[in-house]
1. When the chain is fully extended, how far beyond the present Cα-Cα distance does Gln102 get from Gln41, taking 0.36 nm per residue of separation?
2. With a sphere of radius 15 Å drawn around the Cβ of Arg35, what net charge do the other residues whose Cβ falls strictly inside it have (Lys, Arg +1; Asp, Glu -1)?
3. Which cross-chain or sequence-distant (5 or more) residues have an amide H under 5 Å from the amide H of His101, H modelled 1.01 Å from N in plane?
4. So which of Lys98/Lys199; Lys37/Lys57; Lys111/Lys199 end up more than 19 Å apart, counting from Cα to Cα?
Amino acid sequence: MVKRKSSEGQEQESGRGIPLPIQTFLWRQTSAFLRPKLGKQYEASCVSFERVLVENKLHGLSPALSEAIQSISRWELVQAALPHVLHCTATLLSNRNKLGHQDKLGVAETKLLHTLHWMLLEAPQDCSNDRFGGDRGSSWGGSSSAFIHQAENQGSPGHPRPSSTNDEEETNRRKFFQNSMATVELFVFLFAPLVHRIKESDLTFRLASGLVIWQPMWEHRQPEVSAFNALVKPIRNIVTGLSINQIFLMTSHFGCHILIEKIQIFPII
């Protein structure tokens, strides 16, 4: 397994850019899917995606690319590669009939779809283990609704509520290993029209885990997958330290009316 340099925190990682060798590598793999007519070049790209992203193997890569991959966290690599894999997978599915794979997925398609499933379902858990340690038995399940069930069961007699420290730790993990809203939107934009290009008979053996994604979409439901969920906290906008005269002047200036009962006013001391 590849050992990456430890980061100094979530803020520092999120603020860093992706090294140029990684960007070049990803675009080279994606370029095979952007041609007017798909050739055999895309098969090598499917192998490369699975080898580097899923299997985490850097053998055979250039020294510059290997060093660049080791300079960032595995989750950063996954996040940088996910839009590329989404576009490539959508391209293969949209051309499935032209490629002659109506009844059965080809080897390359299977590899790429397996890579996508891993990135959406298992990558958060694997990357969480790399960053924070832990085991695969954590309640941080990426391929099921374990988090929802855990939230429902907290505080019940048979499921004692964990300590606040553990709750905070788990929350920090989830916040860090969440996909952005833009990524979720891209997934819906690309795959909602293609959802019926994937058949239940395709999801066998190594692709069986993907059923938790595609089955709900066939039924027009949101998949209960952590990659498509986010912890949200309502933001309360409270007007503080304003007198009634100041509020009246503000509302008069902007030409709007505010319901007084919806404003919490604190006296100025």
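1. 19.9 nm is the gain from fully extending Gln102 to Gln41.
2. Values: positive: Arg28, Lys37, Lys40, Lys98; negative: Glu43.
Local charge sum for Arg35: +3.
3. Here nothing satisfies the definition.
4. Details: Lys98/Lys199 17 Å; Lys37/Lys57 30 Å; Lys111/Lys199 16 Å.
With Cα atoms farther than 19 Å apart: Lys37/Lys57.
All of the numbers you see were taken from the coordinates with simple rules; none came from a lab. Model, not experiment: these values are computed from the prediction. Backbone-built Cβ (ideal geometry, glycine too); neighbour counts: all protein chains shown.
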